[in-house]
1. Would you mind putting A:4-10, A:76-82, A:412-418 in packing order, based on average other-beta-carbon counts within 10 Å, highest first?
2. Just want to confirm a number: the relative contact order over segment A:211-348, from Cα pairs under 8 angstrom separated by 6+ residues, in percent.
3. Averaged across the residues of B:220-232, what count of C-beta atoms belonging to other chains lies within 10 Å of each residue's C-beta?
4. Arrange the following residues from fewest to most other Cβ atoms within 10 Å of their Cβ: A:157, A:232.
5. For segment A:155-214 and segment B:150-222, what is the centre-to-centre distance using only Cα atoms, to the nearest Å?
6. Other chains' Cβ within 10 Å of A:23-33 residues: what's the mean?
7. If I fit a long axis through the Cα atoms of helix A:2-36 and take the longest principal axis of the Cα atoms of chain A, what angle between them do I get, 0 to 90°, rounded to 10?
8. Can you give the calculated 222 nm mean residue ellipticity of chain A, where each DSSP H run of n ≥ 4 adds -39,500 (n - 2.57) and the sum is split over every residue, rounded to the nearest 500 deg cm²/dmol?
């Protein structure tokens, strides 16, 4: 009996130890489970417009650059400004040497004078030649008239002789009445000679008159194409303009002034050297303002259109302006975005960024983009559902296929009908989850 | 020689009888892949017949560690089983023991009828009384609560029957002597009945424990909420992913029953013997 009780007590102790061990393992497995269950944060579908925010990095550039011109070949005496310096209209940028101005004026006047003299000489020669031509023409016409008259008289005489010979032949024929044919034949030969003489004279007259006509044509004045004088006139006109400019420079004591308010962006002259044909300064024009120029990835081009409002940020300042132009670069990878800025408030050359915001249509069902997963040609979200499990009512992740209509960097618009306003969509999880996994909601902070 | 032959035959049959336990024990220390390779035909993932090994090719404690450290569901169901079994056992002690004493020691009108009803109820399988139990529990609004399983278990007839047999075995002369000495009926029950019928009571409790620990139909029928399910319903489908874990869980689930059985083994034998001569 005692042995039986001892055995029973032994095994009951074992049973008690087993229960104790199971209790400990229960706690351990619960603790381990708490560590392995994914912690998720949920979000419900909401109605919103998807915003596309694109940031474009770029620089502030001048919108328009003007060149400050002066006359070439003038010696630069001093330069009063430096590159990047802001100047006002009328400020002296440089001073030119007066002596070189005078020298240049003299040189141009000499050139002008020599051209004028050349023109005068050419005009005199032309008039002389014209007179000579007129004289030759008059003589040719006179020769032609005389020759024509002389030939008419000779032809009339030869024709008269021919008629007389023909009359003699007729008279002799009537007189002999078929007898004495020899004497008629002789008269007929004489008449034939007269005919030939007449025709020869007619031919020679014609040849002589043709020669006389050609002499008249040769004596007529020729239309010679000579534009040298017109060219000289143009040159003189240009010289006059240059002289005018030089005189103006001289009048300003050789000072070169800023034509507008702006910033000097380039100096192309040096003290002690002569000015060139091109401008000696480049500068911005404040009236035209500044502009933002940045590069945007070609793939983001769909988010920007000409006329869109962008916010330009630079050194703590910001300005809302509209996009002026979009140009694809040669590589087809970037798009040059340009937006005009007011002249005040921004500094030329500083870096800036343009934030472009574009909104889609209003979607009634949008979820955080992180909540949407991609499968094989399908998109899906995980919903948190309360389910009865062995451990009681637990939050369980369930996969739900959805159709993504549009998405930006933060949200995705889904086709309506799949999710309702009560749906709890897993927007964030601290580990990978699968459909059916238990999940734990993250505690809300604050 | 004859005895050796007899013993050999008996040991052979005994070995066959406990072979599932041996396989279960071996499977507890097998890796998942090894288990699957043996039972692939059962899982319809292979041809031929399932096979088994007494010793794992690559023994591992991974399944035990996974079960004990990473399966809170298992423990939830384990404690559900403990709760249900303890409640039923306690209830049987409170209600079954006096009932058995009354039936065994007192004469009253209709005693035979009551006894017959007990016998009939004991003989009926659960499937027969399932619907009526369901309707009663529904009426009591106890469905899908632990009481839906505990309450019918408390009033189980089998334990009353076993205790009744033991109480009947107490000599009437001892009871009469106690009465002559001035003992009241409660004193007789507590001072004589329980100590003298302790073997039967323990035997009934052991049998009740084993029955409740492996109870399946009642929880499946009356409990919808999974968090109330006992360990006997921890029947994860044996698939490629959890075959090893399932074997391990079965092994661990077996342990309390083994401890209780060993603790009450000798009483149990008496109880079985007692029930064998019932009627």
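Please treat every number below as a calculation from the coordinates, not as lab data. Since the structure is predicted, the reported quantities are computational estimates derived from the model, not experimental observations. Methodologically, a virtual Cβ is constructed for each residue, glycine included, from the backbone with ideal geometry; neighbour enumeration extends over all protein chains shown.
1. Working: A:4-10: 13.0, A:76-82: 15.4, A:412-418: 17.6.
The densest-packed peptide leads the list: A:412-418, A:76-82, A:4-10.
2. On the way: 147 pairs, mean separation 25.0, N = 138.
Taking the mean separation of contacting Cα pairs over the length of segment A:211-348, I get 18 percent.
3. 2
4. Numbers: A:157 12, A:232 17.
Going from sparsest to densest Cβ surroundings: A:157, A:232.
5. Between the Cα centre of segment A:155-214 and that of segment B:150-222, the gap is 189 Å.
6. Details: counts 4, 1, 9, 7, 2, 5, 11, 3, 2, 5, 6.
For this peptide, the per-residue mean of nearby foreign Cβ atoms is 5.
7. With rounding to tens, the tilt is 20 degrees.
8. Values: 4 runs with 177 residues, N = 446.
Dividing the helical sum by the residues of chain A leaves -15000 deg cm²/dmol.
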